[in-house]
Amino acid sequence: MAISTLRCTGLHRSGAEQEILLIAPLLTKRLRLRTPNADDLYRYLAYRNDTAALAAQMMQPVELKEAELFLAAQSRMAPEAYGWRMLAVEKSDKPGLIGEVGVFIGAEEPQKGDIGWWFAANHQGQGYALEAGTALIEWCFAHRPLHRLTAHCLIANDASQRLMRRLGLRQESQTVESRYFNGCWHDEVGYALLRREWLELGSGPIDLITDNGFSIPPSQRLHRSFCSAGQSSHGTATAGESGL
């Protein structure tokens, strides 16, 4: 799938109109991944502040103003920009935010990315995270020619670990009592995927299967037409670990 951009206009600090390039939506069998906007605010707050999810991930609630500023910044983020990038996830046949996937790419190490996801409780367990995560990884390795992707979660988060493995990532680390929250230390695990591993994964007869039997055969995934050699890239929220 060729990566393209969308053009829109925005206001410069001086008030003059300027052109902004945005990522064109990524389409999968059931989903549409797109740049978030202000209309996503209340659905975003609803799943980000779900009590059970916050407790499981040991995270603090997101305030209204914080969410407004974050979505506003994301809505104007150029395709080549560094930092945390969120892609809003919605159903192809029913617009409206159901969750998110995202990647952090730092200017200091532009060939590395760290991915994450977070889905609303009523859209978990249906294979959406796998489908959206597959599209995110393909965008990362195609549009932003990265060498390496990582993902992390608490060691008790079995659902996220299953998802990471289904996405093709392999476990490569476990830290002991590395995250402090509410007076306790917690262990974390780290997974990774290299560009060459991703290319090998996409070339074989691999059929990813979710818990409810939904599959994404290679023929239905985004087309992988980028080689691993000779490419370069120019150009906060934390990664969610919930909602699979």
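The values are calculated or read from the model by the stated rules, or taken from the named source; none is laboratory data. Because the structure is predicted, anything quoted here is derived from the model rather than measured. Positions of Cβ are generated from backbone atoms using ideal geometry, with glycine treated the same way; all protein chains shown enter the neighbour counts. Heads up: the accessible areas ignore ligands, DNA and RNA and are worked out on the full protein's heavy atoms, side chains in. Shrake-Rupley method; radii C 1.70, N 1.55, O 1.52, S 1.80 Å.
Inter-label distance, Ile155 to Arg196: 3.1 nm, where each label sits 7 Å from its Cα along the C-beta direction. The lysines within cross-link reach of Lys94, meaning a Cα-to-Cα straight distance under 23 Å and a gap of 8 or more places when in the same chain, are Lys29. Remark: spin-label model distance Glu108-Arg162 equals 3.6 nm, labels positioned 7 Å along the Cα→Cβ axis.
Full extension of the chain between Trp185 and His147 gives 10.5 nm of extra length, using 0.36 nm per residue less the Cα-Cα distance. Taken per residue, the accessible surface of region 40-180 reaches 43 Å², heavy atoms only and a 1.4 Å probe.
Accessible area of region 142-203 with a 1.4 Å probe: how many percent of it is carbon plus sulfur?
On the way: 1470 of 3050 Å².
Ligands and nucleic acids excluded, carbon and sulfur give 48 percent.
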